[in-house]
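The values are calculated or read from the model by the stated rules, or taken from the named source; none is laboratory data. Here the structure is a predicted model, which is why all the values come from computation and not from measurement. Please note: Cβ atoms are built from the backbone with ideal geometry, for glycine as well, and neighbour counts cover all protein chains shown.
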Amino acid sequence: MEFSFGDKKFNAEVRKASDLKPVLAFPEALKEDFDAYFMFRDSYKTEKDRKRIEEVGLRYDYTVIPPNNIGGESIKTYGHYHPEAEDGYTYPEVYQVLEGEAIFLIQKPENDRIVDAVAIPAKKGDVVIIPPNYGHVTINPTEKELVTANWVCRDFKSIYDPYTEKRGACYYYIEGKWVKNENYGEVPELRFAKPVNIFGVEGNMYSLAKDIEKLEFLTKPGKHLDVFKKAFEPIS
């Protein structure tokens, strides 16, 4: 898959369904391999934008997740954590849904257990912040293609092993219902929240490339803790 952005073209990094087997609820249900989702990393419209984005240590990505399921489990990304940025805070990330609908499933580990798990449904235009010290998975729960964009620090590698070891996140989304992943043992009850567009951006949040200082919280989270306090609201 090729993606055109401004006057630039980018080729996808493809995640196959077979790549997801270590984190699936029912890996044995995968009988025939397929392209699960497509990632377009380090996207930019112009060379001027690229230079500005790189200078502040950020990266702008697109992810395309076609509708599908494996054994009834809605198609999802692999899931990962981020390394520590500073002062005990891991790097955060910010997403926007561009097409379709998503559920962002985030979880916070502490020692050897999960102490918080939150599902954040998001529709076109919604902005979702992944706070420091949370891992995350993106789920496409619909029969329509999901397209997301994200801003993230470019200077680290994602940590996948904890999701591999537990065979996914602490909950699976199967046939429209949440099912606990028994590999975690005891897990907290799943909370539900709605996204808050704290930037007030209209349209594609790529526009922040021209107001890049608003994204400093992605590289210096300890300096911007107020951002994470209002990142999402509980659904009553």
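Figures for the structure shown
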quantity: So E165, is it at pLDDT below 95, over 26 Å from G203 (Cβ atoms) and exposed (fewer than 14 other Cβ atoms within 10 Å of the Cβ); calculated: no
quantity: Hits in region 199-215 (condition: more than 18 Å from V147 (Cα to Cα) and either modelled with pLDDT of 90 or more or surrounded by fewer than 15 Cβ atoms within 10 Å (Cβ to Cβ) (or both)); calculated: G200, L208, A209, K210, D211, I212, E213, K214, L215
quantity: Of residues in region 219-235 being in a helix (DSSP H, G or I) and within 23 Å of P121 (Cβ to Cβ), the one nearest to the chain's Cα centre (by Cα); calculated: F228
quantity: Filter result for S4 (part of a loop (DSSP other than H, G, I, E, B) and polar (S, T, N, Q)); calculated: no
quantity: Residue tally, condition within 17 Å of the chain's Cα centre (by Cα), charged (D, E, K, R) and assigned to a helix (DSSP H, G or I), over region 20-50; calculated: 0
quantity: Residues of region 185-198 that turn out to be surrounded by 14 or more Cβ atoms within 10 Å (Cβ to Cβ) and over 15 Å from I130 (Cα atoms), as a count; calculated: 3
quantity: Residue that is surrounded by the fewest Cβ atoms within 10 Å (Cβ to Cβ) [pool: residues in region 102-125 that are under 13 Å from the mean Cα position of the chain (by Cα) and not hydrophobic (A, V, I, L, M, F, W, C)]; calculated: P121
quantity: Among the candidates S207, S158, residue that is of a type in the set (G, A, S) and under 16 Å from the mean Cα position of the chain (by Cα); calculated: S158
quantity: Pairs where the first residue, in region 176-200, is among the β-branched types (V, I, T) and the second is in a loop (DSSP other than H, G, I, E, B) and exposed (fewer than 14 other Cβ atoms within 10 Å of the Cβ), C-beta under 7 Å, 6+ apart; calculated: V196/K230; I198/K230
quantity: Of residues in region 51-63 being of a type in the set (D, E) and in a helix (DSSP H, G or I), the one nearest to W178 (Cα to Cα); calculated: E54
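Per-residue answers, yes or no, for (1) among the polar types (S, T, N, Q); (2) under 22 Å from D155 (Cβ atoms); (3) surrounded by 14 or more Cβ atoms within 10 Å (Cβ to Cβ); (4) at pLDDT below 95:
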| position | (1), (2), (3), (4) |
| --- | --- |
| D7 | no, no, no, yes |
| K16 | no, no, no, no |
| E54 | no, yes, no, no |
| Y60 | no, yes, yes, no |
| E73 | no, no, yes, no |
| G79 | no, yes, yes, no |
